[in-house]
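In what follows, a single structure is set out as structure tokens and then discussed.
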Amino acid sequence: MVNPQAGEAELVVNGTPYALKLTLGALAELEQLLGEDTLIALVQRFEQGRFSARDVLALLAAGLRGGGHDLSRETLAAATIDGGPMQAARVAAELLTRSFTPPQTP
């Protein structure tokens with residue numbers, strides 16, 4: 001079970017649910033890999049719908065690593081994702097949003 005308050009999102013890959021989380025290291029890697037100079041630019045790219053399948057794949061792979069899972073981008077690219085590409089894009093956007101949303105206080 002994922003903890004949205006901790007910035008986690010869930011992705012079901014080949015029938016197995018995984019908790020994804022973006023660490024600071026994963027975010028730095030994403031900036032470089034996706035050619036963005038700032039975290040804000042990376043978030044805006046998704047908010048404005050200017051993302052590609054490559055962006056979604058990179059973001060999900062980084063989230064898997066941040067969640068402690070050892071699935072490479074290549075493995076993820078060849079996997080079956082429950083809900084298909086649209087769900088993958090939704091989870092990627094959700095992961096970014098949760099990573100930059102302060103936890104709710106009761």
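Data table
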quantity	calculated
Of residues in the range 1-20 being of a type in the set (Val, Ile, Thr) and closer than 17 Å to Ala77 by Cβ, the one farthest from the chain's Cα centre (by Cα)	Thr16
Residues of the range 1-60 satisfying the condition of being under 18 Å from Pro85 (Cα atoms) and hydroxyl-bearing (Ser, Thr, Tyr)	Thr16, Tyr18, Ser52
Criterion (under 18 Å from Thr101 (Cβ atoms), out of contact with any helix residue (DSSP H, G or I) (no Cβ under 7 Å at 6 or more places or on another chain) and surrounded by 17 or more Cβ atoms within 10 Å (Cβ to Cβ)) met by exactly one of Ala62, Ala19, Ala26	Ala19
Positions within the range 1-38 being at pLDDT 85 or above, on the phi > 0 side of the Ramachandran plot and small (Gly, Ala, Ser), in sequence order	Gly7, Gly15
Residue among Ala78, Ala62, Ala53 that alone is more than 16 Å from Glu8 (Cβ to Cβ) and out of contact with any Pro (no Cβ under 9 Å at 6 or more places or on another chain)	Ala78
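The values are calculated or read from the model by the stated rules, or taken from the named source; none is laboratory data. Everything quoted here is computed from the prediction, not taken from an experiment. Heads up, the Cβs are rebuilt from the backbone with ideal geometry, glycines too, and the neighbour counts pull from every protein chain shown.
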